[in-house]
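One structure is given below, encoded as structure tokens.
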Amino acid sequence: MSEVTSQHPHNLQHHFADMEQQNDSGIFGMWVFLVTEIMFFGAIFAAYAIYRSMYLPAFEFGSRLLDVKLGTVNTAVLIGSSLTMVLAVHAAQTGKRKALVFFLLLTMALGAVFLGIKSYEYYTKWEHSLVPGLRFAPTEALPSGVTVPNLEMFFCFYFFMTALHALHMIIGFGIMTVLVIMSWRGRFSPEYYAPIEVSGLYWHFVDIIWIFLFPLLYLIGGRYTT
Amino acid sequence: MSTAAVAPPRDSRVNYLNANYGFRSWLLTTDHKRIALLYLMSITVMFFIGGAAATLMRLHLITPGGTLVQPATYNKLFTVHGIVMVFFFMIPSIPAVLGNFLVPLMIGAKDLAFPKINLLSWYIYIVGAGFTLYAILAGGVDTGWTFYTPYSSTYANTQVIAAALGVFITGFSSILTGLNFIVTIHKMRAPGLTWFRMPLFLWAMYATSVIMVLGTPVIAITIVLVAFERLLHVGIFDPKLGGDPILFQHLFWFYSHPAVYIMVLPGMGVVSEVIAAFSRKRIFGYSMVAFSSLAIAVISFLVWGHHMFVTGQSIYAGLIFSVLSFLVAIPSAIKVFNWTATLYKGSISYQAPMLYALGFIGLFTMGGLTGLFLASLATDVHLNGTYFIVAHFHYIMVGGTVMAYMAGIHFWWPKITGRLYPDGWARFAALLIFVGFNLTFFPQFMLGYLGMPRRYATYPAEFQVLNVMSSAGASILGIAYLIPLVYLIWSMRYGKIAGPNPWNATGLEWKTASPPITENFEETPVVTEEAYDYVHMPPMPSSAALAGEGDANV
């Protein structure tokens with residue numbers, strides 16, 4: 001690769017003209033990636049919406065089988081992790097290394113709580129034989145207009161969408177781990193913190209996906225109208 | 001920046017190809033030019049795999065009863081041909097090879113914005129190709145490249161999951177390439193290179209990238225759903241279990257129609273460059289051509305339903321999709337008219353790239369106009385599922401994209417390798433491809449109009465003459481594609497030294513050495529004029545002058 005000259009800042013990759021160009025490219029690149037992600041989730045949201053309108057009673061009944069309390073707690077936990085992520089970015093901007101490491105670890109901890117609760121929810125679905133394809137034999141009395149295949153369809157989407165979301169969180173975990181190590185070693189400074197900011201964008205995006213998933217799956221099942 | 005000023009004096013014979021040696025220096029490279037060559041080699045292999053499948057099909061169809069393979073094998077052949085050619089050759093062809101090589105050069109940058117992600121995209125492509133090749137070797141797939149449900153998700157007994165995974169994985173390679181191009185074009189243009197000074201190839205790459213980024217994730221998730229359904233036997237697209245197979249088609253074509261423009265828009269970009277260079281004129285209506293690329297990218301997302309006129313979509317949706325599909329003809333026609341107007345009173349020379357580009361214009365026009373038959377509801381009912389469709393999209397994809405790809409490879413080959421290829425052979429191959437192509441696919445228009453369905457291993461005896469013509473054309477085409485493979489490889493060692501700008505063309509890529517150095521430019525170029533300033537360029541050297549120029553260096 002090209003030789004680094006004396007004026008070349010340490011963190012500047014050789015093919016960029018200056019730090020501003022490098023940072024702008026990183027942030028813009030993440031936004032473009034998030035657009036891709038929106039289309040990725042968008043297809044499955046569209047499919048969910050179509051099947052929900054086709055099989056409304058089954059989807060509403062399925063929604064009422066989810067644990068709204070755990071869902072609410074998880075929503076709060078995840079929004080909390082977005083806050084700690086913002087605080088981590090702020091700590092990076094102001095050059096507070098220990099605060100940066102602390103908030104990154106806190107963000108990861110909240111993410112772990114979320115995944116823990118999610119796993120517990122999955123476990124209870126397994127217990128109640130509500131896992132499509134593997135163990136699906138609902139014991140509940142089905143209201144009129146609700147068939148087993150249609151209910152299974154709802155749970156297909158429930159598992160597919162939440163698992164895809166959880167997968168994104170696990171990837172976020174990997175990113176955070178790297179960031180924590182880099183932060184601990186003092187790699188970031190008020191002049192160079194773009195990786196923190198870019199990863200923050202990703203984390204917020206994953207949160208926002210949940211903000212849409214939660215009402216779609218848990219809340220709009222007619223639970224509060226009867 | 002002052003990086004260039006302090007660089008040590010450079011040996012003029014050092015370039016990106018010989019800067020370092022060994023497998024590691026290629027497999028771990030982040031140089032966009034080397035990655036372009038990695039892609040070039042990979043997609044060439046895939047092209048000949050897909051081509052072999054096509055050759056076997058055409059041989060089989062010489063007689064009405066089929067001469068060569070079992071019907072089930074025939075199904076696998078056309079599936080392999082489709083999957084390999086669409087996902088592993090056509091979609092990466094111009095963007096990942098020429099785009100990778102040229103985007104940084106054309107904007108005066110040292111590399112793409114994310115060189116490591118660029119390398120990653122090639123590895124993802126290779127993994128995806130590996131899954132697909134596994135699917136072929138482990139018994140093949142027979143769903144057609146469209147993976148229509150519920151056949152693919154429930155009934156097919158072939159390697160659907162491996163092939164689907166291959167398509168899913170390679171999708172990320174094209175997403176990452178598109179992302180890289182968008183960021184690079186936005187953020188890394190050289191000083192003075194405003195949007196409306198950019199070569200039209202970059203506009204085409206930009207529009208293509210937008211489609212890649214917006215469309216590819218949709219098919220990715222859809223393919224995962226099919227695999228999920230197949231593995232767990234749930235009913236997402238299976239009507240027996242309440243699933244909607246039409247929804248699969250909607251999601252599939254939401255990507256796969258725009259994907260047609262992923263394939264053809266880059267070709268349009270190449271043709272704009274070649275037409276300007278070989279008629280020594282600025283492209284007529286530059287901004288119209290630039291905007292028509294974006295218009296095609298936008299409209300391409302609104303027309304997918306024209307693939308579903310006869311598959312159970314509502315008739316009113318069909319009506320609207322028909323109207324919207326006609327709209328695509330407008331920006332496409334703008335391009336064709338503007339290229340033609342560029343030729344008017346131009347000082348035209350007919351070297352190989354120009355022959356391919358002219359071939360593109362004619363064949364693309366035919367492919368486009370026959371598309372209007374298929375966008376009309378009533379005629380589509382008659383023509384859908386026949387060889388008319390096959391002929392139509394091969395006129396766009398082979399007559400259009402592959403011709404443009406060949407034009408681009410021949411136009412920039414001296415830049416890529418620093419060597420000229422034998423122009424006589426190149427022109428001969430171009431003409432042979434043109435003849436072979438038309439002989440292969442024109443009879444298919446007639447066959448389709450007469451009602452011969454596609455994807456059948458046998459056909460009634462009265463269609464034999466046209467089928468034999470088509471197979472004869474395919475043999476010519478097959479041989480014609482091998483000729484460039486031979487002389488291009490030959491030229492890498494024995495071709496004449498090209499010099500930085502053998503065509504006296506405009507554009508930043510011609511202002512640096514051939515082959516370029518690893519950093520592309522000795523110092524960051526500054527752009528002060530519009531693209532295609534051919535008024536101030538010396539004329540195109542004659543073929544004789546090109547052949548006699550430079551040392552043979554054998």
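Here is how the numbers come out for the structure above:
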quantity	calculated
5 angstrom amide H check on B:Arg419, placed H, neighbours 5+ away	B:Ala498
Residues B:Val260, B:Val84, A:Val68, B:Val271 arranged by fewest to most Cβ contacts within 10 Å	A:Val68, B:Val260, B:Val84, B:Val271
Segment A:Glu140-A:Leu201, length gained on full extension (0.36 nm per residue, minus Cα span)	17.8 nm
For B:Ala113, distant residues with modelled amide H under 5 Å away	B:Thr184
Fewest-first sequence of B:Thr30, B:Thr528, B:Thr149, B:Thr177 by Cβ atoms within 10 Å of each Cβ	B:Thr528, B:Thr30, B:Thr149, B:Thr177
Across B:Lys33/B:Lys110; B:Lys281/B:Lys335; B:Lys33/B:Lys116; B:Lys281/B:Lys511; B:Lys345/B:Lys415; B:Lys415/B:Lys511, pairs whose alpha-carbon gap is larger than 21 Å	B:Lys345/B:Lys415
Nearest 10 degrees, 0 to 90: helix B:387-396 Cα axis against chain B principal axis	10 degrees
Most fluctuating residue given options A:Ala76, A:Ala109, A:Ala141, as computed from a GNM of chain A linking Cα atoms under 10 Å	A:Ala141
Neighbouring partner chain Cβ atoms per residue of B:111-118, average, 10 Å criterion	4
GNM flexibility winner over chain A from A:Gly62, A:Gly42, A:Gly95 (Cα, springs under 10 Å)	A:Gly42
Order of A:Phe212, A:Phe136, B:Phe278, B:Phe252 - criterion: other Cβ atoms within 10 Å of each residue's Cβ, fewest first	A:Phe212, A:Phe136, B:Phe252, B:Phe278
Relative contact order (%) - the range A:19-219, alpha-carbon pairs under 8 angstrom, separation at least six	35 percent
³J(HN,Hα) computed for each position of the range A:77-84 - Karplus, 6.51 cos²θ - 1.76 cosθ + 1.60, integer Hz, glycine/proline x	4, 6, 5, x, 5, 5, 4, 5
Whole-Hz ³J(HN,Hα) from phi, Karplus 6.51 cos²θ - 1.76 cosθ + 1.60, for the range A:109-114, glycine and proline x	4, 5, x, 5, 4, 4
With Cα atoms, 0 to 90° folded angle of helix B:464-494 axis to chain B main axis	30 degrees
Chain lengthening between B:Tyr449 and B:Leu372 when straightened (0.36 nm per residue, less Cα-Cα)	26.3 nm
Between the range B:384-457 and the range B:209-264, the alpha-carbon center distance in angstrom	28 Å
J(HN,Hα) series, the range A:171-179, from Karplus relation 6.51 cos²θ - 1.76 cosθ + 1.60, nearest Hz, glycine and proline x	4, x, 4, x, 4, 4, 4, 4, 5
Rough spin-label spacing in nm, given labels placed 7 Å along Cα→Cβ, for B:Met537 and B:Thr311	4.4 nm
Cβ-Cβ FRET estimate between B:Val14 and B:Val127, R0 fixed at 25 Å, reported to 0.05	0.15
Helix B:315-343 vs. chain B, principal-axis angle (Cα, 0 to 90°, nearest 10)	30 degrees
Residues of type aspartates and glutamates that A:Lys125 reaches as a straight line, Cα spacing below 18 Å, ignoring anything fewer than 8 places off in the same chain	A:Glu60, A:Asp67, A:Glu140, A:Glu152
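None of the figures in this text is laboratory data; all of them are computed from the coordinates on show. It should be emphasised that the depicted structure is a prediction, and the values quoted were computed from it without experimental measurement. Neighbour counts are summed over all protein chains in view; Cβ atoms, including those assigned to glycine, are modelled from backbone coordinates with ideal geometry.
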